[in-house]
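S.K.: If you scroll down you'll find the structure; I have some questions about it.
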Amino acid sequence: MRTMGKEDLEEIVDSLMDKEKKRFKDRDFFKIKQYVFDFRTVRNLLKLFNRGILKDFTWIVSMGKEAVILSGVGDRGPVAIKIYKSVSSFRKHLDYISGDFRFGFRSRSKLLDLWVEKEFRNLQRFKKSGVRVPEPYARSGNILVMEFVGDEGFPAPKLKEVRDPGIDPEIILRDILDNVTRGYRSAELVHSDLSEYNVLLWRSKPWIIDVSQAVTTAHPRALEYLRRDITTIIRFFRKRWGIGLDPDLVLNGILEGDHVERADGEDTQG
Ligand SMILES: Nc1ncnc2c1ncn2[C@@H]1O[C@H](COP(=O)(O)OP(=O)(O)OP(=O)(O)O)[C@@H](O)[C@H]1O
Ligand SMILES: [Mg+2]
């Protein structure tokens, strides 16, 4: 296979921009170029292209404060490419890492890569336990490549954007809580930032994303985060669809090991 250089990468990004020009503001293209052509990001992207893991970019999915998400094509099909740019609230992130015995403290300059590593490993661990998260494919420095949740390059909507889910919303809520339960009991992880913004609805199923800040159940604040996750998601379903589950009962159920039935009666995920 031909080795790709910076110029080839530039060409790909330019073609992405031309192709989709009408759909994005110039400001966004400028920002994406800044992100993508940051020296270390170029180096890490080239590694992924040259390893054959990445084949193309297709879309700009999201531009957040800390990360840009692109859709692309990988060796196994559509992928989401999460490029971490900055860890803005450094202190907050340290709080999630320092209490976590899997990650010793490292220098600030390595924090971004550490964050990607953390998200990658958390995705693996959730996935292994049957929690419905995107499958992680690869990582390179500040870049994470994972399964794309959505059809034909269009990302599935966040719960926040869903008005009519097409099925009984309570089924979706119970499915999410079932995933939280599996996460806690089997993966021994607490998401810690669960909300209507970090759950995508795809083919009537909730997919949990953005797991970089998840902590192990051994973290000193794990229970506090678990309670917050449950409360936040139940509050959203109550406000939007009037579903009245009691967060304390749900929390106790998870901690005391009550069986939480899968709402759709399926054993497998996905
Ligand atoms: N695997 C994926 N498949 C499809 N879309 C995705 C995937 N991962 C992320 N996205 C899209 O990108 C958005 C941002 O992703 P994520 O929540 O992981 O990043 P973030 O750091 O929270 O970014 P932000 O600062 O915008 O909140 C998601 O809301 C979703 O729309
Ligand atoms: Mg998010």
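S.K.: From the residues in the range 142-165 that are modelled with pLDDT of 95 or more and in a loop (DSSP other than H, G, I, E, B), which one is farthest from ligand 2 (Cβ to nearest atom)?
M.R.: ASP164
S.K.: To continue, here is another question. Which of (1) more than 25 Å from VAL61 (Cβ to Cβ); (2) in contact (Cβ under 8 Å) with a residue 40 or more places away in the chain is the odd one out, the single condition GLU224 does not satisfy?
M.R.: (2)
S.K.: Still on this structure, please answer the following. Pairs under 6 Å by beta carbon, first residue not assigned by TED's automatic domain parsing to the domain that holds ILE208 and surrounded by 21 or more Cβ atoms within 10 Å (Cβ to Cβ) in the range 116-128, partner at pLDDT 95 or above and among the charged types (D, E, K, R), six or more apart or different chains?
M.R.: Filtered contacts from the range 116-128: VAL116/ARG139.
S.K.: Among VAL61, VAL42, which is modelled with pLDDT of 80 or more, at negative phi, assigned to a strand (DSSP E or B) and among the β-branched types (Val, Ile, Thr)?
M.R.: VAL61
S.K.: Quick one: is GLU196 within 16 Å of ligand 1 (Cβ to nearest atom), farther than 14 Å from VAL133 by Cβ and in contact with a strand residue (DSSP E or B) (Cβ under 9 Å, 6 or more places away or on another chain)?
M.R.: yes
S.K.: Looking at (1) in contact with a helix residue (DSSP H, G or I) (Cβ under 8 Å, 6 or more places away or on another chain); (2) at pLDDT 95 or above, find the lone condition where LYS85 falls short.
M.R.: (2)
S.K.: Checking ILE209 against (1) away from ligand 2 (no atom under 16 Å from the Cβ); (2) among the aliphatic types (A, V, I, L, M); (3) buried (at least 18 other Cβ atoms within 10 Å of the Cβ): exactly one of these is not met. Which one?
M.R.: Unmet condition: (1).
The values are calculated or read from the model by the stated rules, or taken from the named source; none is laboratory data. In this text, all values refer to a predicted model and were calculated from it rather than measured experimentally. Methodologically, a virtual Cβ is constructed for each residue, glycine included, from the backbone with ideal geometry; neighbour enumeration extends over all protein chains shown.
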